[in-house]
Amino acid sequence: PYAAKHSVLVSIFSVMLAQECEINSDQKLKHIGLGAFLHDIGVTQLKFDPEDVEMINSEQREEINKHPQYGKQIIDALKGVPQEVGTIILQHHEQPNGAGYPNNLKGTEIYPPAKMVAIADSFSALISKRSYRDAFSLQEAFSRMTQDEMKYDRKMLRTFAKIFGVTL
């Protein structure tokens, strides 16, 4: 249930952000929406369900960090899925500061729609009740994201917050 709801929310939030960033091409919006919806498909290949674990150990963290690569492999094996979708899936945990995974990409090395999905992914996770904590309010979610601002494209994060009437 969490994964399904999360995928839908990340897709909706990503498309909203893309439109706010003046991406108006139906094709690009479809790619972003699909990449966002499938961003965590690689989690299906993990040996455990992260939602069933309260405290993740280092071995599990290492495995979780591979889910973008697993997801890209799944998508690459399918016919007719645009390359952009796979790029979003692979890069959605990269960070402009270079501290992300799986490839420690920085700034402009990261595909812009993947940056959008990263913001939507974190926001959705924060405002959702998880197995190990309650949901955060919108204000608290944005406050936490601002504290970790180097993890996100700053301009995109401010644009996303404006959608919800929050000024950062």
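The values are calculated or read from the model by the stated rules, or taken from the named source; none is laboratory data. Keep in mind the model is a prediction, meaning the values are calculated, not measured. As a convention, Cβ positions derive from the backbone with ideal geometry for all residues, glycine included, and neighbour counts pool all protein chains shown. The accessibility values were calculated without ligands, DNA or RNA, using every heavy atom of the protein model including side chains. Shrake-Rupley method; radii C 1.70, N 1.55, O 1.52, S 1.80 Å.
Just checking, which of I75, I110 is more than 15 Å from the chain's Cα centre (by Cα), open to solvent by less than 20 Å² (accessible area, probe 1.4 Å) and closer than 18 Å to G42 by Cβ?
Numbers: I110 fails: more than 15 Å from the chain's Cα centre (by Cα).
One residue alone meets the criteria, I75.
Quick one: which of S7, S58, S25, S11 is hydroxyl-bearing (S, T, Y) and farther than 27 Å from R130 by Cβ? Break it down stepwise before answering.
Working: S7 fails: farther than 27 Å from R130 by Cβ; S58 fails: farther than 27 Å from R130 by Cβ; S11 fails: farther than 27 Å from R130 by Cβ.
Of the residues listed, the single one that is hydroxyl-bearing (S, T, Y) and farther than 27 Å from R130 by Cβ is S25.
Could you please find all residues in the stretch 5-26 being out of contact with any Asp or Glu (no Cβ under 6 Å at 6 or more places or on another chain) and of a type in the set (V, I, T)? Show your work before the answer.
Looking only at the stretch 5-26, we keep the residues that are out of contact with any Asp or Glu (no Cβ under 6 Å at 6 or more places or on another chain), and these are 5-9, 11-26.
Selection gives V8, I12, V15, I23.
For the list (1) surrounded by 17 or more Cβ atoms within 10 Å (Cβ to Cβ); (2) assigned to a loop (DSSP other than H, G, I, E, B), I need the number of the one condition that A18 fails.
Failed condition: (2).
May I ask you to list the residues in the stretch 20-57 that are among the polar types (S, T, N, Q) and in contact with a helix residue (DSSP H, G or I) (Cβ under 7 Å, 6 or more places away or on another chain)? Spell out the reasoning first.
Of the residues in the stretch 20-57, the ones among the polar types (S, T, N, Q) are 24-25, 27, 44-45, 57.
If the condition is that a residue be among the polar types (S, T, N, Q) and in contact with a helix residue (DSSP H, G or I) (Cβ under 7 Å, 6 or more places away or on another chain), then Q45 is the only one that fits.
Taking F136 as the residue in question, decide whether it is of a type in the set (F, W, Y), in contact (Cβ under 8 Å) with a residue 40 or more places away in the chain and either part of a helix (DSSP H, G or I) or over 17 Å from S7 (Cα atoms) (or both).
Spelling it out, it is not the case that F136 is of a type in the set (F, W, Y), in contact (Cβ under 8 Å) with a residue 40 or more places away in the chain and either part of a helix (DSSP H, G or I) or over 17 Å from S7 (Cα atoms) (or both).
Where in the stretch 40-127 are the helices (runs of 4 or more DSSP H), entirely inside, with at least 2 residues that are over 22 Å from R144 (Cα atoms)?
Values: elements: 58-64, 67-76, 83-91, 112-127.
So the answer is 58-64, 67-76, 83-91.
Looking at (1) closer than 20 Å to Q45 by Cα; (2) aliphatic (A, V, I, L, M); (3) open to solvent by 40 Å² or more (accessible area, probe 1.4 Å); (4) touching a residue at least 24 places away in the same chain (Cβ under 8 Å), which is the only condition A99 fails?
Going through (1) closer than 20 Å to Q45 by Cα; (2) aliphatic (A, V, I, L, M); (3) open to solvent by 40 Å² or more (accessible area, probe 1.4 Å); (4) touching a residue at least 24 places away in the same chain (Cβ under 8 Å) one by one, A99 breaks only (1).
Looking at the stretch 22-39, which of its residues are hydrophobic (A, V, I, L, M, F, W, C), under 13 Å from Y111 (Cβ atoms) and either open to solvent by 40 Å² or more (accessible area, probe 1.4 Å) or part of a helix (DSSP H, G or I) (or both)?
Let us first name the residues in the stretch 22-39 that are hydrophobic (A, V, I, L, M, F, W, C), namely 23, 29, 32, 34, 36-38.
Okay, now just the ones that are also under 13 Å from Y111 (Cβ atoms), so 23, 32, 36.
If the condition is that a residue be hydrophobic (A, V, I, L, M, F, W, C), under 13 Å from Y111 (Cβ atoms) and either open to solvent by 40 Å² or more (accessible area, probe 1.4 Å) or part of a helix (DSSP H, G or I) (or both), then I32, A36 are the ones that fit.
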